[in-house]
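Encoded as structure tokens, the structure appears first; notes follow it.
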Amino acid sequence: MSDGKPDPRDLLAHDIRSALSDVIGGLRLIDSETLPGAARTQVDRVHASSELLARLVEELLGGNGHADEPSYMGNLNLTRFLDDELRRWHGAAQGTGTRVKLERPSSLPEVVRLDLLRLRRVVANLMSNALRHAPGGEVVLGAELYGDATLSICVTDNGSGFPDDLLEDATQPAARGAASVGAGMGLHIAAANAEALGGTLKLVNRPKGGARAILTIPQTVWLRREEEAADLPDLSGTHILVADDNVTNQTLVRAMLERMGAECEVAKDGIEALNWLSRERFDLALIDVEMPMLGGMEVFRAERLRQARGMAPPLPMVAMTAYGGRDNNEAIIEAGADGILAKPLGKIGAFGKAMRHYLDTGPRALNWVPETEPHMSAFMLLELLQAAGPDYEQQLLDRLREDLAQSDKVLTDALERGNVDEVRAQTHILLSLTSAIGAIPTQEAAKRLNQLARSGDSDAIRVAGKICLARLAALRVDLASATFG
């Protein structure tokens, strides 16, 4: 705004993104493996749909920097896309008696150049149409690569088939403008988005009943031009977040990363960066230090704190800054960055080697499991003691050690006597104590023991109890040697 005050529309956009991130972040913290089958399916469905909603909001609000373009052809991980769609539509079919399957050959390309949202619109309309017309039957989402390298994504059902008047009209541009809701509108939308993708949509009725909708996309549209990147590091299959408030820098960094095969998301400030990190998994985050609303330093600190609390997996985070210098660099590393890239970024070859280095040497989100984390977070313990103040630091540390020792003693006794109620009570105490100091392995073991204690399986409780006590013992050893001056 001209008076220097934030535009209310920008604030509203941040509020919407933040609310969506809270929803998705909360869903991720649900241990779906402990839920009954039907509930687990619905949680997966809501999770997948909320991620799609977040993508649509980004497009609507222009957060990705390409909202006004007719189609954004970025790198897309096809395997991940199909898995997400299966999860979403399996949940949608729950309770209808319809089975949803995914069929794909191993020959499918891992990375394609397609507009994610347009492709999702095609699949969403085809899948919803198939589920509506094949109740109690089977719907198959399939993908294959034809001999001429044409990519095909199809939806097959064993329902009543398409009405004859829709077989041709639904895919004709002249007919789309006259389409109305309830008269194949979803198929017209799918056909329009197929055309925008550079592909075509064909509807056929199967000889033995049912129907098939086939999206075909020529190789010239979906193929990433690998020959252009022959001498560059291969970043195919990686998912990278780029946070920068400068549109030119966003475009440059994204272009270089996508040329090497990476799939990219863009945030224009620190708040958007944290929202992306809370709702999607990334292999690497490139964060500009100087951004409005929330700077890169705050992003590093906030995300490392979430990781320390077990709310997010670790990942390499690299700072981008035009202001070098020893003091500034030390502050950036101290805030949580794994490395620093000086602006301007320079040639793509050197940039690609740096990306490959951080991806190879940094922590991998896909390999993260809570049980392999350190027994406790020294950072969180120090933060807790500093909050208590110098007069009470030692007292608080001593009390924490005493409480853990008492819980160890009572839990050991409860397990020996088979007192399930006391076991559950002690796991609640442990969950509270361990969450305060980021003791993720003990926290996860206590959570598992608490779940088993509710089931009443005495053998499983005994085994889980031994694991919990072993991790608690390791935590107490670390805590006994902890000193902060």
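The values are calculated or read from the model by the stated rules, or taken from the named source; none is laboratory data. All of these numbers come straight from a predicted model, not from anything done at the bench. As a convention, Cβ positions derive from the backbone with ideal geometry for all residues, glycine included, and neighbour counts pool all protein chains shown. The protein model used for the area step is the full one, side chains on, heavy atoms only, and it has no ligands, DNA or RNA in it. Shrake-Rupley method; radii C 1.70, N 1.55, O 1.52, S 1.80 Å.
Which whole number in µm²/s is D for the stretch 389-430 by Stokes-Einstein, with the Kirkwood Rh taken over Cα pairs at 25 °C and 0.890 mPa s?
219 µm²/s
What's the carbon and sulfur percent of the stretch 200-314's accessible surface, probe 1.4 angstrom, rounded to a whole number?
Reported share for carbon and sulfur atoms: 53 percent.
When only the heavy atoms of the protein chains count and the probe is 1.4 Å, how do Asp403, Asp327 rank by accessible area, highest first?
Descending accessible area places them as Asp327, Asp403.
Subtracting the Cα-Cα distance from 0.36 nm times the residue separation, let me have the gained length for Ser481 to Asp403 in nm, one decimal.
26.5 nm
To the nearest 10 square angstrom, what accessible area does Arg120 show with a 1.4 Å probe?
About 20 Å², ignoring ligands and nucleic acids.
If N is the number of residues in the stretch 416-485, what value comes out of its Cα radius of gyration divided by 2.2 N^0.38 Å?
Computed over Cα atoms of the stretch 416-485, the ratio equals 1.15.
How large is the Kirkwood hydrodynamic radius of the stretch 265-316, counting all unique pairs of alpha carbons, in Å?
This gives a value of 11.0 Å.
Would you tally the net charge around Gln426, using a Cβ to Cβ cut-off of less than 12 Å, leaving Gln426 out, and scoring K and R as +1, D and E as -1?
So the surrounding residues net to -3.
Tell me the net charge near Lys268. Cut-off is 9 Å between Cβ atoms, Lys268 excluded, with +1 for each Lys or Arg and -1 for each Asp or Glu.
Net charge in that neighbourhood comes out at -4.
Give me the base-10 log of I(q)/I(0) for the stretch 210-302 at each q in 0.14, 0.16, 0.18 Å⁻¹, Debye formula, one uniform scatterer per Cα, rounded to two decimals.
Values, matching the q order: -0.60, -0.72, -0.83.
With each label point set 7 Å from Cα along the Cα-Cβ vector, what nm distance links Leu223 and Ala473?
Spacing of the two 7 Å Cα→Cβ label points: 6.1 nm.
Can you figure out the FRET efficiency of Asp165 with Val46, using R₀ = 60 Å and their beta-carbon distance, to the nearest 0.05?
Using R0 = 60 Å, I get an efficiency of 0.95.
Quick one: ranking Leu76, Leu116 by accessible area, 1.4 Å probe, largest first, what do you get?
Leu116, Leu76
Let a ≥ b ≥ c be the square roots of the eigenvalues of the Cα gyration tensor of the stretch 326-485; is it rounded (a/c under 1.5), or, if not, prolate (a/b larger than b/c) or oblate?
In terms of gyration-tensor shape, oblate.
Return the ratio Rg/(2.2 N^0.38 Å) for the stretch 417-456, where Rg is computed over Cα atoms only.
Normalised Rg, Cα atoms only: 1.12.
Just reorder Leu472, Leu232, Leu145 by solvent-accessible area, largest first, 1.4 Å probe, all chains present.
Reading off the accessible areas and sorting them downward yields Leu145, Leu232, Leu472.
Under 25 Å between alpha carbons, and skipping anything fewer than 8 positions from Lys409 in its own chain: which lysines qualify?
Lys447, Lys466
Subtract the Cα-Cα distance of Asn419 and Arg306 from 0.36 nm times their separation in residues, and report this length gain in nm to one decimal.
Gain on stretching Asn419 to Arg306: 37.2 nm.
Using a 1.4 Å probe, how large is the accessible area of Tyr146, given in Å² and rounded to the nearest 10?
Answer for Tyr146: close to 80 Å² accessible.
For a Förster distance of 45 Å, can you work out the FRET efficiency between the beta-carbons of Val204 and Thr79, rounded to the nearest 0.05?
0.95
Using a Förster radius of 25 Å, what is the FRET efficiency between Thr361 and Ser107 based on their Cβ-Cβ separation? Nearest 0.05, please.
0.20
Counting Lys and Arg as +1 and Asp and Glu as -1, what is the net charge of the other residues whose Cβ lies under 14 Å from the Cβ of Asn328?
-3
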